[in-house]
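First the structure, in the form of structure tokens, and then the observations on it.
The values are calculated or read from the model by the stated rules, or taken from the named source; none is laboratory data. Note that the coordinates shown come from a computational prediction; the quantities given were computed from them, not determined experimentally. Here Cβ is always computed from backbone atoms with ideal geometry, including for glycine, and neighbour counts include all displayed protein chains.
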Amino acid sequence: MLVVALVVVLACAGLCGIGQLVTNFLNADEWEGLGQPVAPSTVPASPKPTWQPPNELVDPQPVLQIRHQLESWVLTSAGVARPMRSSCERRDFTGEQATTFTCTVRYDGQDVVYTITARPSGGSTFEWDAKADQTLVTREGLHALLYSRFGGNDGTWENLRCEEFPEVALVPAGERLGQVCYARHKDRIKSARIIITPQDQAGPSLETEFQEEGLR
């Protein structure tokens with residue numbers, strides 16, 4: 001009986017050892033240690049233009065209203081306030097006629113060009129749409145955004161790391177950045193990859209991709 005028991009114990013130990021090796025192999029984290037740690041951000045949230053547009057009911061100035069909104073979008077994308085100015089090629093636009101023109105927001109030496117499509121909407125009001133093929137991102141702004149979501153303040157995520165971002169870059173709007181970040185969710189074994197997609201009328205969108213995990 002002692003011999004049989006010893007054989008069973010040895011067999012279990014062998015199988016358990018193999019099982020643990022398989023589990024470790026299946027749960028190997030391919031993204032662990034990639035990128036560089038992201039420090040807590042001191043960047044003020046939600047930067048705004050330093051000037052206010054005129055009241056559109058009391059003092060309607062359509063070009064100034066458009067420029068203020070465009071600057072707000074660029075600041076939201078960049079995530080940090082830096083020297084900027086804007087201009088539109090149709091400075092005489094009154095909102096009373098349908099037209100298409102371009103406006104440019106210059107941020108820290110980089111130009112974001114919006115195509116504006118405007119049309120009257122009744123009375124003294126008008127409607128307009130804007131589209132830019134490129135927008136701006138900054139290293140400081142991206143780090144602040146990512147730390148606010150994945151920095152571990154609520155205990156959900158930890159070990160946020162990012163590949164090297166340029167200090168300031170003009171990038172395609174609606175397309176993923178070439179650089180990614182990594183963080184690990186508290187309920188997962190492996191790190192997640194964070195995909196960043198800049199937008200021309202909002203801040204960058206963030207998407208998480210998880211690795212498949214085996215048995216625990």
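Scan the range 174-212 for residues that are surrounded by 18 or more Cβ atoms within 10 Å (Cβ to Cβ) and closer than 17 Å to T76 by Cα and jot them down. Listed by number, the residues that qualify are L177, I196, P198, D200, Q201, G203, P204. Every condition in (1) within 20 Å of P198 (Cα to Cα); (2) buried (at least 16 other Cβ atoms within 10 Å of the Cβ); (3) without any contact (Cβ under 8 Å) to a residue 24 or more places away in the chain is met by Q65 except one, and the failing one is (1). State whether one or more residues within the range 169-180 are out of contact with any Gly (no Cβ under 7 Å at 6 or more places or on another chain), of a type in the set (V, I, T) and over 30 Å from Q211 (Cβ atoms). No, every residue in the range 169-180 fails to be out of contact with any Gly (no Cβ under 7 Å at 6 or more places or on another chain), of a type in the set (V, I, T) and over 30 Å from Q211 (Cβ atoms). In the range 21-62, the residue that is modelled with the lowest pLDDT out of those that are exposed (fewer than 11 other Cβ atoms within 10 Å of the Cβ) and hydrophobic (A, V, I, L, M, F, W, C) is L21. Of all residues in the range 75-86, those that are within 17 Å of P198 (Cβ to Cβ) have Cβ atoms under 7 Å from Cβ atoms of residues that are of a type in the set (S, T, N, Q), 6 or more apart or on another chain, in S77/T135; S77/Q199; A78/T138; G79/T138; V80/T138.
With the structure loaded, tell me whether T100 is loosely packed, with under 13 Cβ neighbours inside 10 Å, closer than 21 Å to H68 by Cβ and without any contact (Cβ under 8 Å) to a residue 40 or more places away in the chain or whether it fails that test.
Considered against the rule, which asks whether it is loosely packed, with under 13 Cβ neighbours inside 10 Å, closer than 21 Å to H68 by Cβ and without any contact (Cβ under 8 Å) to a residue 40 or more places away in the chain, T100 comes out as yes.
Taken as a whole, the condition of being over 24 Å from T42 (Cα atoms), outside the structural domain of L206 (by TED's automatic domain parsing) and assigned to a strand (DSSP E or B) does not apply to D92.
Those residues that are more than 20 Å from G79 (Cα to Cα), touching a residue at least 24 places away in the same chain (Cβ under 8 Å) and either surrounded by fewer than 15 Cβ atoms within 10 Å (Cβ to Cβ) or touching a His at 6+ places or on another chain (Cβ under 7 Å) (or both), I need them from the range 152-173; list them, please. The answer is G155, T156, W157, E158. In the range 168-201, what count of residues is obtained for those that are among the polar types (S, T, N, Q) and either modelled with pLDDT under 95 or closer than 27 Å to W128 by Cα (or both)? Residues in the range 168-201 being among the polar types (S, T, N, Q) and either modelled with pLDDT under 95 or closer than 27 Å to W128 by Cα (or both): 3 in total.
Going by the conditions given, is G214 more than 19 Å from the chain's Cα centre (by Cα) and within 30 Å of T94 (Cα to Cα)? So G214 fails the test. In the range 196-215, is there at least one residue being among the hydrophobic types (A, V, I, L, M, F, W, C) and in contact with an Asp or Glu (Cβ under 9 Å, 6 or more places away or on another chain)? Yes; the residues of the range 196-215 include at least one that is among the hydrophobic types (A, V, I, L, M, F, W, C) and in contact with an Asp or Glu (Cβ under 9 Å, 6 or more places away or on another chain). If the condition is being among the β-branched types (V, I, T) and over 18 Å from the mean Cα position of the chain (by Cα), then the range 38-92 contributes T50, V58, V63, I66.
Note on the range 95-124: residues that are under 27 Å from the mean Cα position of the chain (by Cα) and either assigned to a loop (DSSP other than H, G, I, E, B) or within 16 Å of Q61 (Cβ to Cβ) (or both) amount to 4.
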